[in-house]
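Got a structure for you, written out below as structure tokens; questions coming shortly.
The values are calculated or read from the model by the stated rules, or taken from the named source; none is laboratory data. Computed from a predicted model, the values in this text were never measured in an experiment. Glycine also receives a Cβ, built like all others from the backbone with ideal geometry; neighbour counts cover every protein chain displayed.
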Amino acid sequence: MNFAVLQFPASNCDQDAIHAARLLGHAARYVWHKENSLGDADVVIVPGGFSYGDYLRCGAIARFSPVMQAVKQFADNGGLVLGVCNGFQVLTEAGLLPGALVRNRDLQFHCEHIFLKPATADSPFTNKIPAGKILRIPIAHGEGCYFADEETLAKLKANNQILWQYCDATGNLTDTANPNGSLLNIAGVCNERRNVAGLMPHPERACEALLASDDGRLVFESIFAALEKKSAAKAA
Amino acid sequence: MKAKIIITPKKAVVDPQGKTVQGALEQMGYKGVTGVHVGKYIEIDLAPGTDPAAAQRALNDAAHKFLSNPIIEDYKLEME
């Protein structure tokens, strides 16, 4: 599988994403934000960081980078896109995902491990996460509080678009387990079509036991499984 | 010619910055403050001879698409 990892000025988790993809046995390459094509990418990662210094709003400027036209086209054609942290912010600003990310409610930057409960296995990003499995994943953000209006939240629930929620070690969606004040403890969502997803936590930083958790592998394995299913369907 | 844009967080969005500033004002002894909302102010300089009506339309577009995020912010545009 070919991973395309975007690079905007001041992205800083692009190397981690490339490393994770290659560690798990797949080809991965960087795509500079000024490029107009994603080549033969099977999946696009929009990485974490502080693109454009978080100026104006996080991801607000990156979303207009030339490469985002190609990403939109890729997504419209059903391609898989995963935004992590700043990448999630870029995708919401670009309108490829619903809602918005605002400043953490306690105004502090949170750099810590949290627990994630997958809300559904019905997506290319969660299909390999065993039922009941709680993921331990690191977060590192100051503006990760997920907001959407009542109507949008209702739609997300009705369409099963909430993919991950912050929880405690036993899977309860408590307020204390919510590091940033996100509504409904939402850590990540997908679009209606389920091919574009974003999350604030960093699965690409949790692919090796040496780094305190390798639960992040399950997100990547879900993507591989989904892509394999797709190519099998095409070959048929 | 100048355009002035004031961007404020929507009421539905939790504004911890505003709350923190409010707390500080109260601690400093300012009485009667019932709310604080922290936003952004952007000034845009326009070339002399720019058509004000066209500029206003263009900047409204820019404010809606880029300078503000309509999901979480409201904006007010003033041409000077």
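Here is a check on your reading of the model: is A:ASP40 over 18 Å from the mean Cα position of the chain (by Cα), over 16 Å from A:GLY188 (Cα atoms), surrounded by fewer than 20 Cβ atoms within 10 Å (Cβ to Cβ) and more than 14 Å from chain B (Cβ to nearest Cβ)?
yes
Might you let me know whether the range A:55-70 holds any residue that is surrounded by fewer than 21 Cβ atoms within 10 Å (Cβ to Cβ), touching a residue at least 60 places away in the same chain (Cβ under 8 Å), in contact with a helix residue (DSSP H, G or I) (Cβ under 8 Å, 6 or more places away or on another chain) and not hydroxyl-bearing (Ser, Thr, Tyr)?
So far as the range A:55-70 goes, no, none of its residues is surrounded by fewer than 21 Cβ atoms within 10 Å (Cβ to Cβ), touching a residue at least 60 places away in the same chain (Cβ under 8 Å), in contact with a helix residue (DSSP H, G or I) (Cβ under 8 Å, 6 or more places away or on another chain) and not hydroxyl-bearing (Ser, Thr, Tyr).
Follow-up question, since we're still on this one. Determine, yes or no, whether A:LEU80 is crowded, with 17+ Cβ neighbours inside 10 Å and either modelled with pLDDT under 95 or within 14 Å of chain B (Cβ to nearest Cβ) (or both).
So A:LEU80 fails the test.
From the list B:PRO16, B:PRO9, B:PRO70, which residue is surrounded by 15 or more Cβ atoms within 10 Å (Cβ to Cβ), without any contact (Cβ under 8 Å) to a residue 12 or more places away in the chain and within 12 Å of chain A (Cβ to nearest Cβ)?
None of the other options fit; the residue is B:PRO16.
How many of the residues making up the range A:99-112 are touching a residue at least 60 places away in the same chain (Cβ under 8 Å), surrounded by fewer than 16 Cβ atoms within 10 Å (Cβ to Cβ) and more than 8 Å from chain B (Cβ to nearest Cβ)?
1
I would also like to ask the following. Of all residues in the range A:130-145, which are away from chain B (no Cβ under 14 Å) and in contact with a Cys (Cβ under 8 Å, 6 or more places away or on another chain)?
Residues satisfying the conditions are A:ILE134, A:PRO138, A:ILE139, A:ALA140, A:HIS141.
For the range A:178-214, what are the residues that are in a strand (DSSP E or B) and within 23 Å of A:LEU96 (Cβ to Cβ)?
A:ILE186, A:ALA187, A:GLY188, A:VAL189, A:CYS190, A:VAL196, A:ALA197, A:GLY198, A:LEU199
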